[in-house]
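What follows is a set of notes on a single structure, which appears directly below.
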Amino acid sequence: MKKTLVLCLALLFIGYAATVAKAQTENDIFGYYTIQGKAPVGFTDISEIHLAGDYGAQQKPPVHGLIRLKNKTAKDFAINKPTLNGKNITFTTKAVGGISYQFTGTFVKFPNNEAQEGTVLRGILRKFKGKTKIAEANLKFSYSAGG
């Protein structure tokens, strides 16, 4: 009886672990996110937000992503470790020339490593110069698996 109980508990644990692993893989946020429509003032120079997802988390040291500007010679804004809670994501960037970004948003749908139609992510992007907020916008983002 005791062996049966231990075996049942072990099988339940293995099943739970497999379900969690599958959900984590299905919800990998890796990809390139571009502002949909015309970017508002303060954000017109953003080319894309790249989130490194599971791939970047495995790097040594971990790479969480970046905000890339349209000017190819401009330095990227490295993303500090994002917080993903269900469909909600928040992150900040390291400052470049005194400028940094902060994002709070929600995945409308998680990417699946293929280009997807419509809005995948939406949220509020804020731009700071030092500690002073210089721009804020409620944005929608489309998704691409490649840069």
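We did not get these values from a lab; they are worked out from the coordinates using the rules stated. Source: prediction; values computed, not measured. All Cβ positions, glycine included, derive from the backbone under ideal geometry; neighbour counts span all protein chains shown.
With a cut-off of 8 Å between alpha carbons and a minimum separation of six or more residues, what is the relative contact order of region 31-147 in percent?
Once normalised by length, the contact order is 24 percent.
Count neighbours as other Cβ atoms within 10 Å of each site's Cβ, and list the GluC sites (Glu not before Pro) in region 56-147 that are DSSP loop with at most 14 such neighbours.
Filter output for region 56-147: Glu114.
Using 7 Å Cα-to-Cβ label points, what is the Lys75/Lys109 separation (nm, one decimal)?
It is 3.9 nm.
Taking a 20 Å limit on the Cα-Cα distance, which of the listed pairs Lys72/Lys109; Lys81/Lys127; Lys87/Lys140; Lys70/Lys127 fall beyond it?
Result: Lys72/Lys109 exceed 20 Å.
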